[in-house]
Amino acid sequence: MTVPVVRFTVAGQDSASHGLGRLYTVVFDGDCKVCTRLSNALRTWDGGRQLEVVSSQQPGVMARFPWIPPHAYADALQLVAADGTTWQGAAAIEQLLGVLPRGRLIAWIFKVPFVRTLADRFYRWFARNRYRLGCGSHCQSRPLDVIWADGEKNG
């Protein structure tokens with residue numbers, strides 16, 4: 001899924017261009033151990049250093065990408081291109097496979113009929129259950145809606 005982009009400028013610079021000057025920024029849920037492990041793997045696989053990988057809880061992330069609603073960070077992985085184009089969930093993974101050197105070996109699978117639909121459904125199931133899939137007791141004690149309701153009040 002591609003999200004429409006609203007362009008913001010801060011001090012004459014496009015807000016999407018802030019960061020490490022990488023082609024893509026991956027924003028993941030830093031409170032989830034599964035997501036954190038996967039983000040560390042992304043950093044390792046990114047041989048060309050095309051990705052900036054940041055936690056959605058990192059200060060300034062929501063201000064940096066104001067077109068992404070706060071709840072979207074809890075719903076799915078966000079991938080933002082340098083031009084502001086944004087993908088989330090399974091679409092972000094599909095795009096990442098095309099960017100990562102070894103990801104291209106399996107990116108073809110998304111061209112198979114119905115795979116995108118199945119990948120999207122699996123991703124949504126995984127995202128809803130990620131705190132039960134190896135994240136630990138601290139995550140299970142804070143429901144997702146409470147975490148992001150707090151963030152919306154503060155952010």
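Computed from the coordinates by the stated procedures, all read-outs in this text should not be read as laboratory data. The shown structure was predicted, so the numbers you read here are calculated from the model rather than taken from an experiment. No Cβ is skipped: glycine too gets one built from the backbone with ideal geometry, and neighbour counts run over all protein chains shown.
Full extension of the chain segment joining Val115 with Gln58 gains 17.2 nm, where the gain is 0.36 nm per residue of separation less the Cα-Cα distance.
Taken along its principal axes, the alpha carbon cloud of the stretch 87-127 reaches lengths of 27, 20, 14 Å, longest axis first. Model label points for Trp67 and Leu133, set 7 angstrom from Cα along the Cα-to-Cβ axis, are 2.9 nm apart.
Each of Arg104 and Phe126 was given a label point 7 Å from its Cα along the Cα-to-Cβ line. The distance between the two points is 2.3 nm.
As a length-normalised measure over Cα pairs under 8 Å and 6 or more apart, the relative contact order of the stretch 61-133 settles at 25 percent. Spin-label model, Ala82/Leu38: points 7 Å from Cα along the beta carbon direction are separated by 2.6 nm. Net charge dipole, the stretch 27-108: roughly 300 debye, given to the nearest 20, about the Cα centre with Cβ charges of +1 for Lys and Arg and -1 for Asp and Glu.
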